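The values are calculated or read from the model by the stated rules, or taken from the named source; none is laboratory data. Treat the numbers as computed from the prediction; the structure is a model and nothing was measured. Here the Cβ positions follow ideal geometry from the backbone for every residue, glycine too, while neighbour counts run over all protein chains shown.
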């Protein structure tokens, strides 16, 4: 686990270097500007994310960040582990709790399974604010091999 944190995240790992249990994480403190920029980028202008007066009347009692904004930090972690050249095949997401302006989201990915024949890696993914799990799920990715043979992503 410590190996991932000490290695240059831009270097990444070849399939042959990965082991079950390896993990990496990324932290980001969400600002109002992040939420507004995400709304502009995606076109998701739901007032729950942008209008405090509206959001106060909801069950959340105030503005919350877009769930996909927090979930996008999982992609940032996968860019570190396994790293560059990794191809996302799928991602499941379970949204467990809201994230608010000022919260620090920590996204983490842990290698849970390696299929060397298909060059695929399964990762447990989670986002936390402090000790609270706000998102959990699982990713399936294709990882480059040292052999340099292009993986088949079709099946």
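Couple of notes before you dig in:
- Residue ID - farthest from residue 129 (Cα to Cα), chosen from residues in the stretch 55-106 that are in a loop (DSSP other than H, G, I, E, B) and under 14 Å from the mean Cα position of the chain (by Cα): 86
- So residue 44, is it touching a strand residue (DSSP E or B) at 6+ places or on another chain (Cβ under 9 Å), surrounded by 13 or more Cβ atoms within 10 Å (Cβ to Cβ) and on the phi < 0 side of the Ramachandran plot: no
- Residue check, residue 65 surrounded by 12 or more Cβ atoms within 10 Å (Cβ to Cβ) and either modelled with pLDDT of 95 or more or over 25 Å from residue 92 (Cα atoms) (or both): yes
- The listed residues are 134, 99, 105, 111, and the only one of them that is surrounded by 16 or more Cβ atoms within 10 Å (Cβ to Cβ), over 27 Å from residue 12 (Cβ atoms) and touching a residue at least 12 places away in the same chain (Cβ under 8 Å) turns out to be 99.
- Within the stretch 12-50, the set of residues being in a loop (DSSP other than H, G, I, E, B) and within 20 Å of residue 95 (Cβ to Cβ) comprises 30, 43, 44, 45, 46.
- Against the numbered list (1) modelled with pLDDT of 95 or more; (2) surrounded by 20 or more Cβ atoms within 10 Å (Cβ to Cβ), residue 144 comes up short only at (1).
- Residue satisfying all of: in the stretch 114-129; in contact (Cβ under 8 Å) with a residue 12 or more places away in the chain and outside any strand (DSSP E or B); surrounded by the fewest Cβ atoms within 10 Å (Cβ to Cβ) among these: 116
- Checked against the criterion of being more than 18 Å from residue 123 (Cα to Cα) and surrounded by fewer than 16 Cβ atoms within 10 Å (Cβ to Cβ), the stretch 15-25 has no qualifying residue.
- Within the stretch 44-67, residues that are in contact (Cβ under 8 Å) with a residue 60 or more places away in the chain reach partners that are surrounded by 12 or more Cβ atoms within 10 Å (Cβ to Cβ) and in a loop (DSSP other than H, G, I, E, B) with beta carbons closer than 8 Å, at six or more positions or on different chains, in the pairs 67/99.
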